[in-house]
Structure formats: structure tokens, C-alpha cells
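Have a look at this one.
The values are calculated or read from the model by the stated rules, or taken from the named source; none is laboratory data. The structure presented is a predicted model; accordingly, all values stated were derived computationally and were not measured. When we count neighbours, we look across all protein chains shown, and the Cβ atoms used for this are built from the backbone with ideal geometry, even at glycine. What goes into the accessible areas is simple: the full protein's heavy atoms, side chains included, and nothing from ligands, DNA or RNA. Shrake-Rupley method; radii C 1.70, N 1.55, O 1.52, S 1.80 Å.
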Amino acid sequence: MTTTVVTGVGVAAPNGVGTEEYWRATLAGQSGIGPIRLFDASPYPVKLAGETGLDATAYIPGKFRAQTDHMTHLAMSAAVMALADAEVDPAEMPEFDMGVTVANSSGGIMFGQRELQRLWSQGPTHVSAYMSVAWFYAATAGQLSIRHGMKGPALVLASEQAGGLDAVGHARRQIRRGTPLMVTGGSDASLSPGGLAFQIATGMLSTHDDPARAYLPFDRDAGGYLPGNGGAILILEDAAAAQTRGAPGCYGKIAGYAATFDPPGDDEGPATDVRAYDPPRGSGRVPRLRRAAELALADAGISPAEVDVVFADAWGLPGPDLEEAIAITELFGPRGVPVTAPKTMTGRLYAGGGALDLVTALLAIRDQIIPPTVNVTRQAPGIDLDLVLAEPRPHTIRHALVLARGLGGHNSAVVLTAPTTPLRNPQRSER
Amino acid sequence: MTTFTIVKLKEIMLSTADGAGLELEGDFLDKPFPDLDFDSLAVLELATRVQQDYDLTIPDEAVAELTTPRDVLDYVTRRLGESV
């Protein structure tokens, strides 16, 4: 079967814009979480988040900037980086040989809120015509397709934090169907006053005011998560086509992908309640997150013993943390595999989160080092993971498993495998 | 009486592209919008901003007839004249 490889990556994250800047910060344990500055968050119980200091003018022409929300700026900027990294000039490639599948879950909520405020305060003639294309989930996929002249399949997937993995799984499918190059990944920018209020309503956000204590997945003090704005883009290619065009090398293969979906819980809890996750307790069925991981490993043709590191979803709530820890422990045994959650330095980026974890895992494979989980100190009762805490850990990595869960019942898993030949120039992203 | 000038037109056109990336020098007035990298949505946004700044209502059918910057200049000048 066709081998799908990653030939370029780009990152716009709260703790670093640019792949190498982000990677340096991540290995150094530098967090991008801090007080919300995009608006006055003082009236809200949640005052911390991961904001990305992106200079969109450095990456995006004025016309596209004006027509799009911050969430699209994040993805478009990361796409520029990723295409340059892969040494792809879209203008030189047949337009139907390139497609776009990106994930998104919060839509252009900053843009949307601004225009809705104009609608209700000044009237319909004061609403920007760009509102029509800026706010909806598919805006980013469409604008990437238009800007780079990519006329192959173009699609958006909305499965919250699982979206970044689902997009990459779908992009691999398009490559197998015959599109040689896909731009994929995801981005989200959920931080507007309205956007924050919607998230607070789930009851899952941390209201802690200390950035070092607010988001502590797997810790006995876990009390919710913090959201972040950000995204990552990957260039996926058919390995043979990449070689033919003279691609500079690859970061790794998309070796396995699977997704499962949880049924609603048996109880009558609200739809957003985390009780909706995994089969009803005591039902005897295999938890769906574990099932997604097993299916992804089977798809990659490897056993759990061959996995060298797990990038956890790391929700930051006691119930979901325990469920994920159990799924990992059942697959790998107690402390059977190193586990990490660098998202403790960015917050949960929703559609951008899974995509960023994939890029992070590929960089871990490139440099043979596992980035740390920060701030977590004492695992909660019942959780017995080999968490990589505080400091990065040098480690031989051939296969990495990335897990993600999205609100509403999405579980996704991707297996990444080291390239058979290393990158031609391992530090090419420095350019 | 309020007037609509070329300077103001250029200012609004630039604002639809975040102030950058448009070539609005020389004889741009008679160039079709697509030649100025102005798609149909950008023309709609241009009309929206004119509506806001001049308190006009421009019907969609009228927007469809605006194919060059000069069309906009002439249309707005005429409408402002009517409203005096």
C-alpha cells in the first residue's frame, strides 16, 4: 500500500511561533500559559489561557488577513512554514495534485463576536461582508485552498480536540486515493469573551489563578484544563511522489490511524458531561479510547511492546485522566511506556492540539528525545504512568502513539514511525 | 455637501485588504476589479464600508453593476448628490 510521509511541518503555538522556536521552548519546559490579554477577562472565573503572539503580517497577504479570523491566521501561517519546510512551491505543482484537510472546532469566534456586536449596536449595514466567510469551520480549509491554488479535495473536520488527528487520518486516505500531496493539521482560536463563556459553561475549565497549578493532568490536584489559541500544519505526501519531486526528506510515516466514538452515557447527564465518555462503567466492554489505540497499532502492524512513547490526551479532569491512564496501563502495563503531555505548556488547543502533538512527536523522533510534562508532580490515586516530568528524557524512539479525545465522544489515535532514511538536513527548519 | 473623492476611495479599498497588498497607483480607476485582485466578496465589502461611512444603502443589484473603481466613484457621487 501507499506509504504516507510527513515532509514539512509548521507551528504557531502559545509557547513559540515557528517550529524550532516552539521545540526549543518545549524542551526547556517554557510554558505559554498566562493571564488572558486579548480582552478583559477580569469578570470571568477563568483568567488564564495560552495565547499565541503571531504576527500575521509576516506570513499572510493583506487580502487574506482581512477576510479571515485569528484561527485561520494561525493555520495559514503554519502552512507557509510547512510548505517552505517541505520545499514545496504550490505554483509549480499541478493544482489537482494538492488537497487540504484541516480540523477546526471553535470557528472564527473572535471575528464573529466583533461583527455580531456591530449588528446589534449599529445595524446590519455595519456588518462586514467578510463575516460570510470568516466565521465558519470550513473557512480555513477554503482559504488555504484558494491561497495556494490547491484544487484537490478540500475538507474540514470538527471533532474538537480529536480533530487534528482525524484530519491527518483523512488526509492519508486522500493520498491513498491518489492525491499526491495534502496540507493537513488544525487550528483553533476560541478566546473571545463569548468563546470563553461558552467553554466555561462546560464546567471543565480550571479556575485556578496560578499558571503553574491550573492545568495538571494525571495529578492528584487536577481540577480542569485551560484552553489555548494555536495550531500546527503538516505536509503529507505519497512517499514515492515525494522522492520523485526531490523532497528534502521526511520526519516520519503516518503508520496507523483509528477513531472510535463513544455512545451517550446511560445516565441523563447533560450532553457536555464527561460521563458520556467510554462505555458505561461495569458494562464489560473495552473502553473506546483503548480500542482506538489498539486499532491504530493494528493498522500500523505493530504490537504495544514496539511503542516507544505515548503522547497523552491529558484532559486535566480526574475522571477522564483516570480513564486514559487505565487505557494506557491496560495496553502497556504499569509504567510500561514513557508518557508525556507537552500541552501542559500550551493549554488544550482543540483542533490545533492533536496536530501540534503530532508535530511534537515527529520532532521527538527526529531528535530522539521526549519533551516533558510540566507542573505535574504527584499522580492521582489509581494512576501509575511513567510520566516524563519536568525534564526532557533522551530516548530511542522508533514508534510514537498519539492519543486525543474530543468533547462529544471522539477518541482518535495515530501511530508515527521514524523514517527509514533520516532527514537530508535535520536542522533545515532553522532557515 | 459630502463628497466622495479618489483619495477616500483608495483608503476604503485598502481597508478591505487590511491596508496592504493592493496596487492602487496610476490608472487603477478603470481597471476591472479582478485585475486589482479584488474578488466579488471584496467588492461587497467595499460597498459595505461605503454604506457605513456615507450612511447610504446600496442595493445588491447596484453592487453587481460596479465593475471598476470608477463605477464606485460615479455611483456614490451620484447618490450623494441625490440625497442633498
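When the dipole is taken about the Cα centre of chain A, and only Lys, Arg (+1) and Asp, Glu (-1) are charged at their Cβ, what size is it in debye, to the nearest 20? Show your work: numbers first, answer last.
On the way: 34 positive and 43 negative charges, 116 e Å.
Roughly 560 debye, rounded to the nearest 20.
Along the Cα-to-Cβ line of A:A305, 7 Å from the Cα, sits a label point; which residues in segment A:392-419 have backbone N less than 12 Å from it?
None, by backbone N distance to the label point.
I've got another one for you. Over 26 Å, how big is the tail of the calculated P(r) for segment A:290-431, in percent of all Cα pairs? List each step's numbers first, then the result.
Values: 1822 of 10011 pairs.
Cα-Cα pairs of segment A:290-431 separated by over 26 Å account for 18 percent.
Full extension from A:T125 to A:E92: what is 0.36 nm times the residue separation minus their Cα-Cα distance, to one decimal in nm? Kindly include the intermediate steps, with their values, before the conclusion.
Values: separation 33, 0.36 × 33 = 11.88 nm, distance 4.15 nm.
Result: 7.7 nm gained on full extension.
Right, something else. Heads up, I need the accessible area for A:H70: 1.4 angstrom probe, whole protein in place, Å², nearest 10.
Rounded to the nearest 10, the figure is 40 Å².
Counting helices only, and only those DSSP H runs with n ≥ 4, report the 222 nm mean residue ellipticity of chain A as the sum of -39,500 (n - 2.57) divided by its residues, in deg cm²/dmol to the nearest 500.
On the way: 12 runs with 133 residues, N = 431.
Rounded to the nearest 500, the figure is -9500 deg cm²/dmol.
So if I take the centroid of the Cα atoms in segment A:36-89 and the same for segment A:356-403, what is the distance between those two points in Å?
One Cα centre to the other: 26 Å.
Which sequence of A:E95, A:E51 reflects their accessible areas, 1.4 Å probe, from the largest down? Mind dumping the intermediate values first?
Details: A:E95 80, A:E51 25 Å².
Per-residue accessible area, sorted high to low, gives A:E95, A:E51.
Sticking with this one: Under a point spin-label approximation (7 Å from Cα along Cα-to-Cβ), what is the B:T57-A:Q117 distance to one decimal in nm?
Taking the simple label geometry, B:T57 and A:Q117 are separated by 2.7 nm.
Taking the alpha-carbon set of chain B, what are its Rg and Dmax in Å?
In order Rg, Dmax, the Cα atoms of chain B give 11.9, 36 Å.
Next question. Taking each residue of B:46-55 in turn, how many C-beta atoms of other protein chains fall within 10 Å of its C-beta, and what is the average? Each step should come with its number before you reach the end.
On the way: counts 1, 2, 8, 3, 0, 4, 7, 0, 0, 1.
Taking all residues of B:46-55 together, the mean is 3.
Starting from the Kirkwood Rh over alpha-carbon pairs, what translational D in µm² s⁻¹ does segment A:199-248 have by Stokes-Einstein at 4 °C and 1.567 mPa s? Could the numbers behind the result be given before it?
Working: Rh = 14.4 Å.
It diffuses with D of about 90 µm²/s by this estimate.
Can you give the convex hull volume of the alpha carbon atoms of chain A per residue, in Å³? Walk me through the intermediate numbers first.
On the way: hull volume 56.9 nm³, N = 431.
Residue-normalised Cα hull volume stands at 132 Å³.
Using 1/(1 + (r/R0)^6) with R0 = 35 angstrom and r between the beta carbons of A:T2 and A:A84, what's the FRET efficiency to the nearest 0.05? Don't skip to the end; give the middle numbers.
On the way: r = 25 Å, r/R0 = 0.71.
In this case the efficiency is close to 0.90.
Ignoring ligands, DNA and RNA, please state the percent of accessible area on chain A from carbon and sulfur, probe 1.4 Å.
Working: 8450 of 15390 Å².
Answer for chain A: carbon and sulfur cover 55 percent of the accessible area.
State whether segment A:1-82 is rounded, prolate or oblate according to the following rule on the C-alpha gyration tensor (a ≥ b ≥ c being the square roots of its eigenvalues): a/c under 1.5 gives rounded; otherwise a/b larger than b/c gives prolate, and the remaining case gives oblate.
Numbers: a/c = 2.24, a/b = 1.35, b/c = 1.65.
Because a/c hits 1.5 or more and a/b fails to exceed b/c, segment A:1-82 counts as oblate.
Looking at the square roots a ≥ b ≥ c of the eigenvalues of the Cα gyration tensor of segment A:1-147, which shape do they give, rounded for a/c under 1.5, prolate if a/b is larger than b/c, or oblate? Please report the intermediate quantities before stating the final value.
Numbers: a/c = 2.36, a/b = 1.23, b/c = 1.92.
Taking the square roots of the gyration eigenvalues as a ≥ b ≥ c, segment A:1-147 is oblate.
Could you give the length gained by full extension between A:T377 and A:I146, i.e. 0.36 nm per residue of separation minus their alpha carbon distance, to one decimal place?
Numbers: separation 231, 0.36 × 231 = 83.16 nm, distance 4.66 nm.
Gain in length upon complete extension: 78.5 nm.
Tally Lys/Arg at +1 and Asp/Glu at -1 over every other residue whose Cβ is under 15 Å from the Cβ of A:A134; what's the total?
On the way: positive: A:K63, A:R65, A:R114, A:R118, A:R147; negative: A:D69, A:E115, A:D188, B:D18, B:D39, B:E45.
Around A:A134, the surrounding residues sum to -1.
Using 0.36 nm per residue of separation minus the Cα-Cα distance, give me the extension gain between A:R335 and A:A390 in nm, one decimal.
Details: separation 55, 0.36 × 55 = 19.80 nm, distance 1.70 nm.
That pair, A:R335 and A:A390, stretches by 18.1 nm at full extension.
In addition: Provide a whole-number value for the mean count of partner chain Cβ atoms within 10 Å of the Cβ atoms in peptide A:125-132. List each step's numbers first, then the result.
On the way: counts 8, 4, 2, 6, 12, 6, 2, 3.
The mean count of partner-chain Cβ atoms within 10 Å per residue comes to 5.
Within 10 Å of each Cβ in A:52-65, how many Cβ atoms from other chains are there, averaged over the peptide?
Values: counts 0, 0, 0, 0, 1, 4, 0, 0, 3, 6, 10, 11, 3, 5.
Average per residue, whole number: 3.
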